[in-house]
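Here the structure is laid out as structure tokens; the discussion comes afterwards.
The values are calculated or read from the model by the stated rules, or taken from the named source; none is laboratory data. Values in this document were obtained by computation on a predicted structure and should not be read as measured data. We place every Cβ from the backbone using ideal geometry, glycine too, and count neighbours over all the protein chains shown.
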Amino acid sequence: MTAEMIIYAYVSDLDRLRQFYEGALGAKASQKSRNWFTFQLDEATFALHRQRSTEAARDIGYFHFEFRVRDIEDALTRFQAHGAEVVRGVSDVVYGKSAVLRDPDGREFRLMQETA
């Protein structure tokens with residue numbers, strides 16, 4: 001089976017988070033509607049979606065997502081330069097190195113560099 005994974009992040013300020021992820025990921029967002037931007041990454045699609053005022057508040061910290069990167073130190077520096085807060089710096093894990101960051105909306109995510 002072949003499948004494409006899309007991760008949706010519901011955000012409070014669509015334009016602010018679009019600018020953050022464009023800068024940090026180095027990927028230009030394409031707007032699918034006035035409430036939705038997507039970033040086509042190497043093997044997945046990451047999407048930002050404006051939370052509608054008519055929707056029940058979502059817990060933005062409830063789900064986990066990560067970006068697999070080739071150079072974790074470079075990725076960490078790029079995300080920090082665009083306003084990410086480091087929750088846990090680079091550390092060794094069983095299958096490589098990881099770091100946990102927080103985006104401007106307070107959402108935690110992980111950077112992962114797998115060992116070959």
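Taken over the range 95-112, the criterion of being touching a residue at least 40 places away in the same chain (Cβ under 8 Å) and part of a strand (DSSP E or B) is satisfied by Glu108, Phe109, Arg110, Leu111, Met112. Whether any residue in the range 61-77 is β-branched (Val, Ile, Thr), surrounded by fewer than 17 Cβ atoms within 10 Å (Cβ to Cβ) and at pLDDT below 85 is what I want to check. Within the range 61-77, none of the residues are β-branched (Val, Ile, Thr), surrounded by fewer than 17 Cβ atoms within 10 Å (Cβ to Cβ) and at pLDDT below 85. The condition of being of a type in the set (Gly, Ala, Ser) and modelled with pLDDT under 95 holds for Ala29. Taking each residue of the range 72-94 that is within 17 Å of Tyr21 (Cβ to Cβ) and touching a residue at least 12 places away in the same chain (Cβ under 8 Å) and looking for partners that are assigned to a helix (DSSP H, G or I) and of a type in the set (Asp, Glu) with beta-carbon atoms closer than 9 Å, six or more apart or interchain, yields His82/Glu22.
May I ask you to list the residues in the range 15-45 that are free of Cβ contacts under 8 Å to residues at least 60 places away in the same chain and among the aliphatic types (A, V, I, L, M)? Within the range 15-45, Leu25, Ala27, Ala29, Leu41, Ala44 qualify.
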